[in-house]
Amino acid sequence: MEALVHAAVAELKKLLEAGQEATLVTWKYFTCKACGKSFSSQSNLKTHLRVHTGEKPFSCGVCGRSFRQRQGVQSHMRTHTGERPFECPQCGKRFSKQGQLKTHAVIHTGEKPHACDQCGRRFNLFRQSVNLKIHRRTHTGERPFSCRQCGKTFTQQSSLISHGRTHSGEKPFSCGACDKKFNNRNSLKLHTRVHTGEKPYACDICGKNFSQGSHLKMKTSFHK
């Protein structure tokens, strides 16, 4: 700790001698012994440690789902209340999370400047480092997230969380048309097409439309 403080002071002196502003220099003193990641405060390190311990002290009062941070509960509650406070200025579509709005925004710009060095697949600006990192695991075979109950492994944490509901029986995603419940958002999205009649997947050979990509894949195999 003392060595880091001396290093910070030395860096500040260099900036001042060079005539540069030295109003904000961030040093990370608190390091996680499990993964080596460093943080600028002990409270941030304490929150991070829950990634390794699995501790989720904040629970939803409606469905009981637990979260590592209080903000997670606040954001999750919107799935029950239906609140969508974040609006796209381009098309007016609304979202329950700011991150969802940022992801949606690239639909209008079409910008995807980041490419996978293995296959060339491109990713947009928002969270590109995370998305690209997850994508690369399809090439390396890395599956760092493991289910404590059955040992099944996954490439990303969200898949592990969704899988965990097969053990707990939790189904937090409800259909507004028929009240049928699902353990993941994608299953709900596919189900809603039963009510809307949406069939976004079209066969290039015969022109028939399908509600799911897997159905289209099965259909095209019949043409071969």
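The values are calculated or read from the model by the stated rules, or taken from the named source; none is laboratory data. Just so it is clear, the structure is predicted and the values come from calculations on it, not from any experiment. Note that we place each Cβ from the backbone using ideal geometry, even for glycine, and neighbour counts take in every protein chain shown.
Details
- Checking residue 148 against (1) in contact (Cβ under 8 Å) with a residue 40 or more places away in the chain; (2) under 20 Å from the mean Cα position of the chain (by Cα), the condition it does not meet: (2)
- Residue 173 vs. criteria under 22 Å from residue 66 (Cα atoms), without any contact (Cβ under 8 Å) to a residue 24 or more places away in the chain and in contact with a helix residue (DSSP H, G or I) (Cβ under 9 Å, 6 or more places away or on another chain): no
- Qualifying residue in the range 117-140 (condition: at pLDDT below 85, part of a helix (DSSP H, G or I), at negative phi and hydroxyl-bearing (Ser, Thr, Tyr)): yes
- Counting the residues of the range 51-81 that are closer than 17 Å to residue 165 by Cα and not in a loop (DSSP other than H, G, I, E, B) gives 5.
- Residue in the range 188-204 that is farther than 20 Å from residue 63 by Cβ, outside any strand (DSSP E or B), outside the structural domain of residue 102 (by the TED database) and acidic (Asp, Glu) present: yes
- For first residues located in the range 39-55 and exposed (fewer than 12 other Cβ atoms within 10 Å of the Cβ), partners that are not in a loop (DSSP other than H, G, I, E, B) and lie 6+ apart or on another chain with Cβ distances below 6 Å form the pairs 42/30.
- Filtering the range 76-99 to residues that are surrounded by fewer than 16 Cβ atoms within 10 Å (Cβ to Cβ) and among the polar types (S, T, N, Q) leaves 81, 90, 98.
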